[in-house]
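Each reported figure results from applying straightforward, stated rules to the coordinates on display, with no laboratory input. Bear in mind the structure is a predicted one, so any value in this text is a computation, not a measurement. A quick note on method: Cβ atoms are made from the backbone with ideal geometry, for glycine too, and the neighbour counts reach across all protein chains shown.
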Amino acid sequence: MRFIAGLLAAALILTGCSTADAKDIRTSGIRADFVVTVKDRSRGADVRGTLRAGTLTYVKLGDGESLHVTGGTASTDLRHSKSLGVTSYLGRLDGEQRAGTEITFDLRRDSENQSAPRSTVVLPERLQLTAPAIGTTASRKSPLAVRFDSAPTDLPTTVHWSGPCIQDGELRLPSGAVGGQIPANAIRLAATPSPGQPGVACTIKVKVFRQAIGVRDPAFKDGTVIAEAQSTRELTSIS
């Protein structure tokens, strides 16, 4: 029931979203949230920027304005996207984006508004899941081993699980760990089965990730700059 209530609450929030033109908002009134994501052994990086004025008002850039991102020798202008009322800017940095590379988000505004050229974050060490194996069927009543390859890092790693029949959950691993175990019964059904109902099975996603926190440009009112390394596996979860 909590899962369904969460979906309803999210739908209500999204219904109330609005979009404002950037020309009506000073940079000092904008909250900027930037994320760069590297996945498994993929060479490039996905980048996303969200600009807001208030909690539910998204900012759309106008003519002569852009959100530019650079990393190593690669660069790109993010493209405008709108889905379920959320306005964001998306793109991809090609080429090899290695750990330690500094990613820079550069908001370029027109002559009447202050630009914000330097929100930065450094990419963390990548990771690659080695267990559970692809196609695994795992009982929620038994512990589930999670292992991954990674270069040494001081950043902690988190194991997260989600799926249509279960509640989202996560397990924080200590810095330096290259594996852990999801305890028995930690993966819980989203709804209690009815008496006599057969065992519930569904495909779930297990993701391991770590995040580095960057520094936003001081021209913004508020915001975050995050670099995330992640690796995911799908498996079948059974009773």
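Check whether at least one residue in the stretch 136-147 is in a strand (DSSP E or B) and under 21 Å from the mean Cα position of the chain (by Cα), and report yes or no. Yes, the stretch 136-147 has at least one match. Taking the stretch 192-227 as the range and being more than 30 Å from residue 134 (Cα to Cα) and either in a strand (DSSP E or B) or aliphatic (A, V, I, L, M) (or both) as the test, the residues that pass are 213, 215, 219, 222, 223, 224, 225. Taking residue 176, is it within 18 Å of residue 210 (Cβ to Cβ), part of a strand (DSSP E or B), more than 21 Å from the chain's Cα centre (by Cα) and not hydrophobic (A, V, I, L, M, F, W, C)? So residue 176 does not fit the description; no. The strands (runs of 3 or more DSSP E) found entirely in the stretch 49-135 that carry 3 or more residues being free of Cβ contacts under 8 Å to residues at least 40 places away in the same chain and surrounded by 14 or more Cβ atoms within 10 Å (Cβ to Cβ) are 74-77. Of the residues making up the stretch 24-48, those that are over 23 Å from residue 127 (Cβ atoms) and either surrounded by fewer than 16 Cβ atoms within 10 Å (Cβ to Cβ) or of a type outside the set (D, E, K, R) (or both) number 8.
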